[in-house]
Amino acid sequence: MLAALLCITATGCSVTTKDPGYVPPAPLKPMEQLEKAPLAEAKAFSSGTDVLSFITADGTVACSLTSARGEHLNLPYEQNRYTDSANNKLPIVPVAHCELATYPAPQPGDIKDDCAGTHLGYLGGVALLVPESAGYGECRSGVTSMEATYGPKGTKAGPLTQLPVLPDGQTLERNGLRCSAYNGGVACGNVSAGVGFFVSPERYELIAGPPANSPKAQPEAPKTP
């Protein structure tokens with residue numbers, strides 16, 4: 001305190017003290033974050049391709065704004081069959097795909113695949129957004145690429161370690177879909193449709209958007225004096 005008084009007396013400098021009663025504002029909801037957050041320069045995340053890929057600063061989530069042909073995703077850090085000639089007849093769909101190093105299990109209501117009739121092996125750690133819907137989890141045996149790289153027994157080596165970091169609070173956009181690093185995880189969504197997801201090591205959220213048959217708000221009729 002004496003040092004602060006001497007500082008003010010001698011130089012006129014100010015001393016900042018923390019307000020013990022200050023409560024930081026709550027984070028925006030995922031779709032609000034995607035709509036309002038500043039867009040990052042896409043070129044830094046493209047590696048000369050049409051795909052935008054990034055990892056969060058804490059190394060817990062890696063995502064790509066990319067394309068899919070059927071179930072085949074064009075992911076630069078994983079082997080895939082996206083470019084196989086047999087898949088050329090399939091329509092190209094813009095998607096957002098995220099993987100986590102550690103992750104929550106899917107809720108029973110979010111399990112959308114019976115895994116070839118076995119009802120076994122539907123695991124979390126992966127989220128996928130297409131223009132009209134979002135899902136969490138997939139049928140697989142083993143770990144995600146992120147888990148193999150940055151999980152508890154991760155190697156800390158491989159192509160995922162070369163991904164650029166998307167700073168917290170910034171957003172990328174490709175073909176109408178956006179992803180934003182915020183609130184300890186990543187939100188991705190189709191803002192115009194109100195569809196998206198949020199994923200983090202602790203929790204996930206799927207945003208379904210308004211019902212297709214929901215009535216649109218009608219403008220108010222002019223009032224007569």
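Go through region 66-119 residue by residue and tally those that are small (Gly, Ala, Ser), in contact with a helix residue (DSSP H, G or I) (Cβ under 7 Å, 6 or more places away or on another chain) and modelled with pLDDT under 95.
Here the count works out to 1.
Looking only at region 132-161, which residues are in contact (Cβ under 8 Å) with a residue 24 or more places away in the chain, closer than 16 Å to PRO76 by Cβ and part of a helix (DSSP H, G or I)?
Of region 132-161, the ones in contact (Cβ under 8 Å) with a residue 24 or more places away in the chain are 132-139, 144-147, 149-152, 154, 158-160.
Pick out the ones that are also closer than 16 Å to PRO76 by Cβ and you get 144-146, 149, 158-160.
Matches in region 132-161: SER145, MET146, THR149, PRO159, LEU160.
Being free of Cβ contacts under 8 Å to residues at least 12 places away in the same chain, over 26 Å from SER192 (Cα atoms) and touching a Leu at 6+ places or on another chain (Cβ under 8 Å), is that true of even one residue in region 82-104?
Within region 82-104 (the criterion being free of Cβ contacts under 8 Å to residues at least 12 places away in the same chain, over 26 Å from SER192 (Cα atoms) and touching a Leu at 6+ places or on another chain (Cβ under 8 Å)), the answer is no, since none of the residues qualifies.
Mind checking which strands (runs of 3 or more DSSP E) fall wholly inside region 49-119 and carry at least 1 residues that are under 19 Å from LEU206 (Cβ atoms) and either over 16 Å from the mean Cα position of the chain (by Cα) or not acidic (Asp, Glu) (or both)?
61-69, 92-100
Quick one: in region 193-217, of everything that is at pLDDT 95 or above, among the small types (Gly, Ala, Ser) and in a loop (DSSP other than H, G, I, E, B), which residue is nearest to ASP58 (Cα to Cα)?
Per the stated criteria, the residue is SER200.
The values are calculated or read from the model by the stated rules, or taken from the named source; none is laboratory data. These numbers come from a predicted model, not from an experiment. Cβ sites come from the backbone with ideal geometry, for glycine too, and all protein chains shown count toward neighbours.
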